[in-house]
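Data block below; observations after.
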Amino acid sequence: MHIIKELVKRIRNSGVRYNREIQVKPSCILWTDAGREWEPYIPMLRTEIPELLILGDYNPQDRTGPGIWLRYIIANTNPDVIIPEEYMPIIYIP
């Protein structure tokens, strides 16, 4: 379980590494996975990362949806999926 905790920490920390002098805070973290190597682990990571959203077919119970739906979630305009305030949304893009 230590590996999962470290993975979650590193993914979350990727959203705070930006140059505050010349950039604004990112609104989300994009996690691309062209080879779909992480896809088998996504169900397990959903329980550890409440802010994890997945690009795909619309299924709000699994926090999965098309791009426009993901934009609504990031903007906090959809009450179906709430991202905890202390976390930045993470968009997994297989």
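The values are calculated or read from the model by the stated rules, or taken from the named source; none is laboratory data. Nothing here was measured: the structure is a model prediction, and the numbers come from that model. Cβ sites come from the backbone with ideal geometry, for glycine too, and all protein chains shown count toward neighbours. With ligands, DNA and RNA removed, areas are computed over all heavy atoms of the protein, side chains included. Shrake-Rupley method; radii C 1.70, N 1.55, O 1.52, S 1.80 Å.
Tell me, which residue of the stretch 23-34 that is open to solvent by 100 Å² or more (accessible area, probe 1.4 Å) and part of a loop (DSSP other than H, G, I, E, B) is nearest to A75 (Cα to Cα)?
Looking at residues that are open to solvent by 100 Å² or more (accessible area, probe 1.4 Å) and part of a loop (DSSP other than H, G, I, E, B), I get K25.
Yes or no, residue by residue, for (1) under 12 Å from the mean Cα position of the chain (by Cα); (2) open to solvent by less than 100 Å² (accessible area, probe 1.4 Å):
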| position | (1), (2) |
| --- | --- |
| R36 | no, no |
| P40 | no, yes |
| L55 | yes, yes |
| T64 | yes, yes |
| D80 | no, no |
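List pairs: first in the stretch 4-27 and more than 18 Å from P50 (Cα to Cα), second assigned to a helix (DSSP H, G or I) and polar (S, T, N, Q), Cβ under 9 Å, 6+ apart or cross-chain?
Listed pairs, sorted by first residue: none to list.
Checking G15 against (1) modelled with pLDDT of 90 or more; (2) open to solvent by less than 50 Å² (accessible area, probe 1.4 Å), which single condition isn't satisfied?
(1)
If I ask for residues that are in a strand (DSSP E or B) and either touching a helix residue (DSSP H, G or I) at 6+ places or on another chain (Cβ under 7 Å) or at positive phi (or both), which ones from the stretch 66-94 would you list? Before you say what the answer is, go through the steps one by one.
The first filter runs over the stretch 66-94 and keeps only residues in a strand (DSSP E or B), leaving 90-93.
Of everything in the stretch 66-94, those that are in a strand (DSSP E or B) and either touching a helix residue (DSSP H, G or I) at 6+ places or on another chain (Cβ under 7 Å) or at positive phi (or both) turn out to be I90, I91, Y92.
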